[in-house]
Amino acid sequence: MKTLICQQPNTIEYIERDIPELKADEALLKIRAVGICGTDIHAFAGRQPFFSYPRVLGHEICGVVEQTGSACLRVKKGQRYSVIPCIPCGICPACQEGKTNCCENVSLYGVHQDGGFSEFLAVREENLVELPSDLSDNAGALVECFAIGAHAVRRADIAPQQNVLVVGAGPIGLAVAAIAKAKGSRVVVADIDAGRRQQIVEKLGVPTLDPTSENYPEELKHCFDGQLACTLLDATGNKHSMSRSVDLIRHGGKIVFVRLYIGELVLDDPTFHKKETTLLASRNATREDFECVINFMAAGVLPEQLMVNKEYDFYQIGHRYKEDVVENKSLVKGIIKF
């Protein structure tokens, strides 16, 4: 099989490999589409923490089962599936509580072990989520990205008509905003990029704000009938943005950090305390989040056009990955098609 492998930072190339042999609890997936995540860009550039090379990237995966292991009981040959990339240990306290997304020893396809930038991949049966026949391959590849947003919204315990501010309009922020809106909240999205703000208005139909505006907090209040946000979900991974979040929530409000900043954050403690702030982190997603997204997609609430703005051919993208993906400033979400 043909495989696209990142040998070391700034080096990605095609190699030929044997089709993987299956363990008893695995299915052989013929890859149909893979979403390109920020992880796949940062790993290529050598900026991804806890990463080792060489590595086959790709953890936003849609594929068809070609073969099943002897212990597989649920998955069916010829059926399409989305892949939950997190492989939990099953024995740590988090796993025992069902929080497999934050397993102490978690491994991810495409990050800690080889992923979907390949014609075939052996995947644990437990990590496969069946896709309805009316969803496209692209949609199947997008489920994981939307599931990250769904998990963050579930962590936030958002109620209908609640005032929700989403900061950051990249793919994860877009997923968070779309899921929050689908669950009935009043959503405002803040991003420094005017083009992304326009995309949010056109494709999601929610108000947007420029967080660099001098009147940002007052403009936010205007959107929410004189109030600050009840819940703020920050999907920037930006230190300044995350540190400022406590100033943008009302008293009794909640903050959820969805993306990671590598380093220390400082929050103003008097403000944090007087608002009796609830602060949460959100990491990865679970089967429940994948199924939530698939149900929303099947209902037409999360069309792939919300996110995808570029498609690539698997057999060509390896020759121009740096130019067409890593250095492509207009890229919101790309899909590699097989």
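Tabulated data for the structure shown
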read-out	value
Any hit, segment 57-73, residues being of a type outside the set (D, E, K, R), under 24 Å from residue 282 (Cα atoms), in contact (Cβ under 8 Å) with a residue 12 or more places away in the chain and touching an Asp or Glu at 6+ places or on another chain (Cβ under 6 Å)	yes
Condition check for residue 52: open to solvent by less than 30 Å² (accessible area, probe 1.4 Å) and either assigned to a loop (DSSP other than H, G, I, E, B) or modelled with pLDDT of 95 or more (or both)	no
Qualifying residue in segment 30-42 (condition: modelled with pLDDT of 95 or more and exposed (fewer than 15 other Cβ atoms within 10 Å of the Cβ))	no
Residue count for segment 210-235, restricted to those that are more than 23 Å from residue 155 (Cβ to Cβ) and among the aliphatic types (A, V, I, L, M)	0
Top-ranked residue of segment 3-55 - restricted to ones that are among the aromatic types (Phe, Trp, Tyr) and touching a Ser or Thr at 6+ places or on another chain (Cβ under 9 Å), ranked as nearest to residue 142 (Cα to Cα)	44
Conditions (1) under 23 Å from residue 41 (Cβ atoms); (2) open to solvent by less than 60 Å² (accessible area, probe 1.4 Å); (3) among the aliphatic types (A, V, I, L, M): number failed by residue 194	(2)
Which listed residue is surrounded by 15 or more Cβ atoms within 10 Å (Cβ to Cβ) and part of a helix (DSSP H, G or I), from 294, 336, 255	294
Residue among 218, 214 that is charged (D, E, K, R) and either touching a Ser or Thr at 6+ places or on another chain (Cβ under 8 Å) or under 20 Å from residue 275 (Cβ atoms) (or both)	218
Pairs where the first residue, in segment 318-338, is more than 26 Å from residue 143 (Cβ to Cβ) and the second is outside any strand (DSSP E or B) and open to solvent by less than 60 Å² (accessible area, probe 1.4 Å), C-beta under 8 Å, 6+ apart	322/44
Some residue of segment 299-315 being aliphatic (A, V, I, L, M) and more than 24 Å from residue 84 (Cα to Cα)	no
Answer from 279, 302, 260, 233 - the residue that is within 18 Å of the chain's Cα centre (by Cα) and part of a strand (DSSP E or B)	233
Where residue 68 falls short, out of the listed (1) modelled with pLDDT of 95 or more; (2) of a type in the set (S, T, N, Q); (3) under 27 Å from residue 173 (Cα atoms)	(3)
Per-region count, segment 216-252, residues over 23 Å from residue 148 (Cα atoms) and touching a Gly at 6+ places or on another chain (Cβ under 9 Å)	1
Pair list, Cβ under 9 Å, 6 or more apart: segment 263-291 residue at positive phi, other residue of a type in the set (D, E, K, R) and open to solvent by 80 Å² or more (accessible area, probe 1.4 Å)	263/239
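The values are calculated or read from the model by the stated rules, or taken from the named source; none is laboratory data. Everything numeric in this text was worked out from a predicted model, so none of it was measured. As a convention, Cβ positions derive from the backbone with ideal geometry for all residues, glycine included, and neighbour counts pool all protein chains shown. Note: accessible area is taken over every heavy atom of the protein model, side chains too, but ligands, DNA and RNA are not part of it. Shrake-Rupley method; radii C 1.70, N 1.55, O 1.52, S 1.80 Å.
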